[in-house]
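In what follows, a single structure is set out as structure tokens and then discussed.
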Amino acid sequence: MFALARQLAHMGALGLNRRNAEYTLRYNPRRLYPLVDDKLRTKQLAQRAGIALPELYGVVEAEHQVRNLRDVLGQYRDFVIKPARGSGGDGILIISGRLRQMYRKINGLLIRQEELNHHVSNILSGIYSLGGQPDKALIEYRIQAHPLFDAISYQGVPDIRVIVFLGVPLMGMARLPTRISGGRANLHQGALGVGIDIVTGETLTAVWRDDIVTEHPDTGNTVTGVKVPGWASLLRLAAQCYELTGLGYQGVDIVLDKDKGPLILELNARPGLNIQLANRSGLLPRLNMVEQNRENLIGVEGRVAFAQTHFRASADISGLALGDFRWC
Amino acid sequence: MSRFHLYSLALSLTFAGLGLFFYKAFVMGFPLTPRRTSDIWNVEGRVEFVALNAPVKVSLFIPRTTRRFVIVNENFISQGYGITTTAEGGNRQAVWSVRKAEGQQSLYYQAVVRRVDTEEPRTVLRPPKIEDPGFEGPYLAAAQSLIANIRAQSADVDTMVKELIKRLNRPQPDDNAALLLGKTPSLSKKVKTAARVLAQAGISARTIHGVHLEEENRDAPLLHWLQVYEEEQWRSYDPVTGESGLPADYLPWWRGAQPLARLEGGERLNVTLSVSLKQEEAVRAAIESGRIKSPLLLEFSLFSLPVQTQAVYRILLLVPVGAFLLVISRNVIGIKTFGTFMPVLIALAFRETQLLWGIVLFTVVVALGLMVRLYFEHLKLLVVPRLASVLLVVVLLMAALSVLTHKLGLERGVSVALFPMVILTMTIERMSIVWDERGASEAFQQGLGSLIVAALAHLVMTINYVEHLAFVFPELLLVLLAGTLLLGRYYGYRLLELRRFKSLVKGTT
């Protein structure tokens with residue numbers, strides 16, 4: 001047991017206690033949390049900073065606005081309605097078209113205007129928000145998933161989680177929906193996490209329910225070796241989020257849109273630790289490296305360049321393998 | 001803050017705590033272990049009956065001060081009743097009376113009994129008058145024949161009594177004994193018969209009734225002994241074994257053939273006796289006997305508080321112990337629980353319900369509550385009304401469970417009422433949110449984790465020794481605080497994380 005702990009420490013695996021004490025507690029001031037918990041505030045911040053994200057069509061903040069929903073929606077045929085404080089994908093309504101006075105949901109069912117209004121009223125009353133406080137409903141652009149991950153995901157929209165520390169992208173992971181996760185890209189719900197080499201943007205092995213796998217459990221296709229297009233620009237996008245929120249340690253969720261490229265979907269102030277399993281390497285060496293070179297990291301470009309020169313996936317695996325050998 | 005600062009703080013807390021502890025234990029003489037046998041008991045007699053809308057008179061025998069036991073304090077709890085106590089023939093009796101009463105009545109006699117070992121010489125008793133046992137016809141013949149038999153097989157009064165007891169206790173008593181005892185005789189009947197036979201033989205004998213003073217018994221059984229007057233004193237015999245000499249923890253309640261209580265103007269009379277050890281008195285006895293010095297420190301200790309408040313602190317001081325275990329379970333082992341301190345509160349409830357029943361009741365209430373909560377989910381309620389509704393259902397469930405288990409004769413089940421219902425409600429709420437967000441398996445994991453930690457905390461918190469140390473030496477909590485502070489800086493892996501990250505190591509070697 002102690003040997004295992006020593007091995008893990010040697011390869012720099014980050015545990016929950018250390019993440020809380022030395023990273024989230026130290027680098028994420030509590031007052032900044034509302035910036036990421038409320039998706040509307042995140043969006044407004046990002047829009048002001050010129051960061052790419054799904055376009056906001058409209059916001060419903062009060063019950064009386066629900067009556068005018070038809071005018072707000074105007075000519076949009078294709079959109080998503082989601083709660084600003086929702087979590088785990090609850091309360092998200094996806095509309096993919098219209099038929100006369102009706103709206104077509106993504107699963108093909110038609111709903112009437114009143115049903116749509118009712119859903120928005122529910123969101124406003126706080127049904128989907130965690131604390132149950134009154135919420136806002138966001139109407140935004142519906143993401144057209146890039147075909148890149150089509151062969152290795154089961155329904156839903158896959159996204160890419162990047163851990164950003166002091167503005168430096170440390171580690172990346174594609175989160176692929178499975179049948180068990182019900183189309184949602186959340187690892188707790190059974191989605192597949194595939195590590196991504198931060199230097200090349202190529203997928204590595206995957207973690208599924210704490211086990212390392214190389215194939216998608218539903219489609220059976222191998223998940224390794226998929227190259228994410230525009231990887232450098234995706235990393236820049238993630239790195240920009242540091243200035244956006246001021247959170248030192250955050251998880252940035254990015255989706256790849258067919259037409260618009262990488263878009264910020266959501267920010268997370270307490271990202272999980274499974275990304276280490278997907279990348280088969282610990283976060284600590286990279287965190288330490290960033291802390292040591294803190295003064296030299298200037299500008300988004302500089303930080304991304306730093307990440308791409310120092311965090312080669314294969315490099316630290318082989319180095320660690322040698323190290324482990326000595327320990328055992 | 002630097003590490004040094006934390007370590008020096010922890011160190012000074014440990015020194016302060018341990019220093020005071022050692023001073024109190026070894027210089028002042030506070031007892032280090034809870035004494036199992038204490039000298040003080042609370043005894044209670046509860047008389048229940050249904051009054052018939054008529055004048056009521058109830059008499060109850062009550063204990064008196066003897067050479068071995070002193071009645072320190074007495075209370076009669078009886079609303080609206082007049083109360084008199086009388087002493088006659090070596091017995092004391094309390095008589096409650098009221099002009100008119102109707103319905104279910106409960107009267108209480110409570111006393112604090114202290115055991116003493118007086119060195120006083122026994123007072124020489126006048127030989128009691130032998131009462132006519134009242135045997136007639138065939139009974140008289142049987143008694144005389146029995147007396148002739150036992151007299152022939154014994155040397156003195158002592159051996160004669162033992163021989164009589166032996167004969168009365170045979171599985172198949174001889175014809176004489178069988179006639180006197182009747183069919184399927186109770187122990188009390190045997191003792192009475194023995195006393196009457198001895199009276200017939202010209203020996204003063206009587207029955208004595210009392211209770212066994214033990215740690216806690218809510219329904220203490222009456223124990224009957226036979227007493228024989230011999231060599232100017234009463235000698236006691238165990239009615240089953242024939243051994244002589246009362247045990248040290250036998251509290252005589254009354255003597256003679258009369259019943260414990262008598263009732264006029266009512267029906268369905270029921271008397272329950274209960275005894276409980278006054279634990280907190282173990283230390284008090286040490287204080288009073290002057291074994292603990294330096295009264296100033298005592299003036300400002302928990303022992304200066306009223307006894308009821310002391311009882312509260314006895315439990316409250318255990319909460320930090322449970323919280324410490326919780327810190328270890330969560331931050332070092334990595335067990336997931338609902339809410340931060342929920343398991344400790346559940347563990348406190350387990351004190352009353354006992355572990356197994358506690359776990360069963362907790363699981364049943366949470367499972368049923370969860371079902372209702374899942375149904376409420378469909379009604380799309382706002383959070384506060386939803387929580388209030390779940391709370392309401394939880395209270396109803398608890399009441400229903402109490403009634404159900406009571407009807408089934410499972411008295412322990414009634415104690416479900418002791419669960420903190422708000423905690424139960426929040427547990428149900430948290431569990432259903434986790435279920436929604438992270439799936440059923442995660443919800444069950446956390447539920448099971450909470451129960452395991454609660455059970456663990458309960459097991460540790462009910463160790464007599466732990467309770468004693470926490471209450472008598474609260475300064476030890478400073479040491480616990482030091483430990484908790486140090487754990488607050490434990491940044492290493494959690495035990496269960498090792499399992500989770502295991503594939504990380506496998507993947508690279």
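Looking at A:Pro285, is it part of a strand (DSSP E or B) and over 17 Å from A:Asn186 (Cβ atoms)? If you could, list the steps in order and put the result at the bottom.
Numbers: part of a strand (DSSP E or B): no; over 17 Å from A:Asn186 (Cβ atoms): yes.
In short, no.
Please determine whether any residue of the stretch B:397-414 is within 14 Å of chain A (Cβ to nearest Cβ), surrounded by fewer than 20 Cβ atoms within 10 Å (Cβ to Cβ) and of a type in the set (Lys, Arg). Give the steps one after another, and end with the answer.
Residues of the stretch B:397-414 that are within 14 Å of chain A (Cβ to nearest Cβ), as a first pass: none.
No: zero hits.
When residues of the stretch A:75-133 are filtered for being away from chain B (no Cβ under 11 Å), assigned to a loop (DSSP other than H, G, I, E, B) and touching a residue at least 40 places away in the same chain (Cβ under 8 Å), how many remain?
4
Regarding A:Pro158, is this residue over 28 Å from B:Ser441 (Cα atoms) and not charged (D, E, K, R)?
For A:Pro158, the condition - over 28 Å from B:Ser441 (Cα atoms) and not charged (D, E, K, R) - is not met.
If we keep just the residues of the stretch A:200-249 that are surrounded by fewer than 16 Cβ atoms within 10 Å (Cβ to Cβ) and hydroxyl-bearing (Ser, Thr, Tyr), which is nearest to the other protein chains (Cβ to nearest Cβ)?
Per the criteria, the residue is A:Thr214.
Which of the helices (runs of 4 or more DSSP H) contained wholly in the stretch B:287-359 include at least 3 residues that are at pLDDT 75 or above? Walk me through it before giving the result.
On the way: elements: B:295-299, B:307-316, B:319-327, B:342-353.
Of the helices (runs of 4 or more DSSP H) lying wholly inside the stretch B:287-359, those with at least 3 residues that are at pLDDT 75 or above span B:307-316, B:319-327, B:342-353.
Could you check A:Lys43 against (1) within 30 Å of B:Ser329 (Cα to Cα); (2) in a helix (DSSP H, G or I); (3) modelled with pLDDT of 90 or more and say which number it fails?
(1)
In the stretch B:252-267, how many are assigned to a loop (DSSP other than H, G, I, E, B) and out of contact with any helix residue (DSSP H, G or I) (no Cβ under 7 Å at 6 or more places or on another chain)? Spell out the reasoning first.
Of the residues in the stretch B:252-267, the ones assigned to a loop (DSSP other than H, G, I, E, B) are B:256-260, B:265.
Next, from what is left, pick out any that are out of contact with any helix residue (DSSP H, G or I) (no Cβ under 7 Å at 6 or more places or on another chain): B:256, B:258-260, B:265.
Residues in the stretch B:252-267 being assigned to a loop (DSSP other than H, G, I, E, B) and out of contact with any helix residue (DSSP H, G or I) (no Cβ under 7 Å at 6 or more places or on another chain): 5 in total.
Within the set of pairs 6 or more residues apart or between chains, which connect a residue that is in contact (Cβ under 8 Å) with a residue 60 or more places away in the chain and on the phi > 0 side of the Ramachandran plot inside the stretch A:188-212 to a residue that is assigned to a helix (DSSP H, G or I) and of a type in the set (Gly, Ala, Ser) with Cβ atoms less than 9 Å apart?
These pairs meet every condition: A:Asp210/B:Ser503.
Can you name the number of the only condition in (1) surrounded by 16 or more Cβ atoms within 10 Å (Cβ to Cβ); (2) touching a residue at least 24 places away in the same chain (Cβ under 8 Å); (3) part of a helix (DSSP H, G or I) that B:Leu374 fails?
The single condition B:Leu374 does not satisfy is (1).
Please go through the stretch B:179-190 and give me each residue that is touching a helix residue (DSSP H, G or I) at 6+ places or on another chain (Cβ under 9 Å) and on the phi < 0 side of the Ramachandran plot, ordered by number.
Applying the first criterion (touching a helix residue (DSSP H, G or I) at 6+ places or on another chain (Cβ under 9 Å)) to the stretch B:179-190 yields B:179-182, B:185, B:189-190.
Scanning the stretch B:179-190 gives B:Leu179, B:Leu180, B:Leu181, B:Pro185, B:Lys189, B:Lys190.
Take A:Leu45 and decide whether it is away from chain B (no Cβ under 14 Å) and within 30 Å of A:Met102 (Cα to Cα).
On the way: away from chain B (no Cβ under 14 Å): yes; within 30 Å of A:Met102 (Cα to Cα): no.
So A:Leu45 does not fit the description; no.
Quick one: which of A:Gly50, A:Gly58, A:Gly12 is small (Gly, Ala, Ser), over 21 Å from A:Arg142 (Cβ atoms) and touching a residue at least 60 places away in the same chain (Cβ under 8 Å)? Show your work before the answer.
Working: A:Gly50 fails: touching a residue at least 60 places away in the same chain (Cβ under 8 Å); A:Gly58 fails: over 21 Å from A:Arg142 (Cβ atoms).
None of the other options fit; the residue is A:Gly12.
So which residues in the stretch A:46-55 are within 23 Å of A:Tyr128 (Cα to Cα) and either of a type in the set (A, V, I, L, M) or modelled with pLDDT under 90 (or both), if there are any at all? Spell out the reasoning first.
Our first condition is that a residue be within 23 Å of A:Tyr128 (Cα to Cα); within the stretch A:46-55, this holds for A:53-55.
A:Leu53, the sole residue that qualifies.
Could you check, for the stretch B:485-492, whether at least one of its residues is touching a residue at least 24 places away in the same chain (Cβ under 8 Å), hydroxyl-bearing (Ser, Thr, Tyr) and more than 10 Å from chain A (Cβ to nearest Cβ)?
Checked the stretch B:485-492: no residue is touching a residue at least 24 places away in the same chain (Cβ under 8 Å), hydroxyl-bearing (Ser, Thr, Tyr) and more than 10 Å from chain A (Cβ to nearest Cβ).
Return the total of residues in the stretch A:152-183 being out of contact with any His (no Cβ under 6 Å at 6 or more places or on another chain) and closer than 29 Å to A:Ala307 by Cα.
Adding up the residues that qualify gives 22.
What number of residues within the stretch B:1-15 are hydrophobic (A, V, I, L, M, F, W, C) and surrounded by fewer than 15 Cβ atoms within 10 Å (Cβ to Cβ)? Please lay out each step first, then the result.
Of the stretch B:1-15, the ones hydrophobic (A, V, I, L, M, F, W, C) are B:1, B:4, B:6, B:9-11, B:13, B:15.
Narrowing further to those that are surrounded by fewer than 15 Cβ atoms within 10 Å (Cβ to Cβ): B:1, B:4, B:11, B:15.
Number of matching residues: 4.
Could you check the stretch B:187-244 for strands (runs of 3 or more DSSP E) lying wholly inside it with 2 or more residues that are of a type in the set (S, T, N, Q) and in contact (Cβ under 8 Å) with a residue 12 or more places away in the chain? Write out each step before concluding.
Values: elements: B:205-212, B:223-230, B:233-237.
Once the strands (runs of 3 or more DSSP E) in the stretch B:187-244 are filtered for at least 2 residues that are of a type in the set (S, T, N, Q) and in contact (Cβ under 8 Å) with a residue 12 or more places away in the chain, what remains is B:233-237.
Just one of the numbered conditions (1) assigned to a helix (DSSP H, G or I); (2) more than 19 Å from A:Ala305 (Cβ to Cβ) is not true of A:Gly225; which one?
(1)
Among the residues of the stretch A:1-29, write down those that are in a loop (DSSP other than H, G, I, E, B), closer than 20 Å to A:Met171 by Cα and more than 9 Å from chain B (Cβ to nearest Cβ).
Residues of the stretch A:1-29 that are in a loop (DSSP other than H, G, I, E, B), as a first pass: A:1, A:12-15, A:28-29.
Filter once more, so that each one left must be closer than 20 Å to A:Met171 by Cα: A:12-15, A:28.
Those that are in a loop (DSSP other than H, G, I, E, B), closer than 20 Å to A:Met171 by Cα and more than 9 Å from chain B (Cβ to nearest Cβ): A:Gly12, A:Leu14, A:Asn28.
Within the stretch B:339-387, track down each residue that is aromatic (Phe, Trp, Tyr) and in contact with a Lys or Arg (Cβ under 9 Å, 6 or more places away or on another chain).
Of the stretch B:339-387, the ones aromatic (Phe, Trp, Tyr) are B:341, B:350, B:357, B:362, B:375-376.
Correct list: B:Trp357, B:Phe376.
For the stretch A:171-199, which residues satisfy the criterion of being within 11 Å of chain B (Cβ to nearest Cβ) and either in a strand (DSSP E or B) or at pLDDT 95 or above (or both)? Spell out how you get there, then give the answer.
First, pick out the residues of the stretch A:171-199 that are within 11 Å of chain B (Cβ to nearest Cβ): A:180-182, A:184, A:186-190, A:195.
A:Gly195, the sole residue that qualifies.
Between B:Asp249, B:Asp219, B:Asp238, which is in contact with a helix residue (DSSP H, G or I) (Cβ under 9 Å, 6 or more places away or on another chain) and not assigned by TED's automatic domain parsing to the domain that holds B:Ile165?
Working: B:Asp249 fails: in contact with a helix residue (DSSP H, G or I) (Cβ under 9 Å, 6 or more places away or on another chain); B:Asp219 fails: in contact with a helix residue (DSSP H, G or I) (Cβ under 9 Å, 6 or more places away or on another chain).
Every option except B:Asp238 fails the conditions.
The values are calculated or read from the model by the stated rules, or taken from the named source; none is laboratory data. Quick caveat: nothing in here was measured; it's all calculated off a predicted structure. Cβ: placed from backbone, ideal geometry, glycine included. Neighbour counts: every protein chain shown.
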